[in-house]
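Colleague: Below you'll find the structure I mean.
The values are calculated or read from the model by the stated rules, or taken from the named source; none is laboratory data. Since the structure is predicted, the reported quantities are computational estimates derived from the model, not experimental observations. Methodologically, a virtual Cβ is constructed for each residue, glycine included, from the backbone with ideal geometry; neighbour enumeration extends over all protein chains shown.
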Amino acid sequence: MAIIDELRTPLYFAAGTADLAVQQAKKVPGLIEQLAAEAPARIEAVRKTDPKAVQEKVTAQAKEAQVTVQSKFAEVVGGLDTDLKKLGETAQDLALRGVGVAAEYAVKAREKYEEVAAHGEEAVKAWRGEAAEEITEIAVVVEPTSEADSVADPVAEEAPARKPAARKAPAKKTPVAAEKE
């Protein structure tokens, strides 16, 4: 039974992914309408913007960023520990932290995988339920139930159950009878 569950989970995951994709795709028309409504105002704002003012602002921000980067670089270089032993310990610590973070992400990924698979299982059950309801509705339309169906067949009740006839074993020939032939 475990093998079947192992095979079903990826299929449920695929179904869950498809169902979630359909749910997100249903949101697209609303987003397009919203963007279409906002587009004229945004275009007008861009047209009213002075290119020289934008260029000056970008230049000022670039200079600030350069000063910040230079000061941070000086801090990092000045604070760099030249002791190799401490550097090795720091590297080991970072490696262990990396393994821990990787394990944490693996657990989160597995949880999310199982969550999407569970969603897919629910979606499949819903799809099956809808199909079953449709088939039931069709069956009712094609062959409605009546009181005659619920009454037992009187001929079937009167006929007694027959036992199979016993077979007789073939007669064995005796040596005397075999000699006469």
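Colleague: Restricting to region 98-126, name every residue that is without any contact (Cβ under 8 Å) to a residue 12 or more places away in the chain and hydrophobic (A, V, I, L, M, F, W, C).
Modeller: Val99, Val101, Ala102, Ala103, Ala106, Val107, Ala109, Ala126, listed by residue number.
Each row is one residue, and each column tells you yes or no for (1) aliphatic (A, V, I, L, M); (2) at pLDDT 85 or above; (3) more than 30 Å from Gly120 (Cβ to Cβ).
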residue: Thr49; (1), (2), (3): no, no, yes
residue: Lys52; (1), (2), (3): no, no, yes
residue: Val58; (1), (2), (3): yes, yes, yes
residue: Ala74; (1), (2), (3): yes, no, yes
residue: Asp83; (1), (2), (3): no, no, yes
residue: Gly88; (1), (2), (3): no, no, yes
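Colleague: If you don't mind, another one. Which of the residues spanning region 39-59 are part of a helix (DSSP H, G or I) and β-branched (Val, Ile, Thr)?
Modeller: The answer is Ile43, Val46, Val54, Val58, Thr59.
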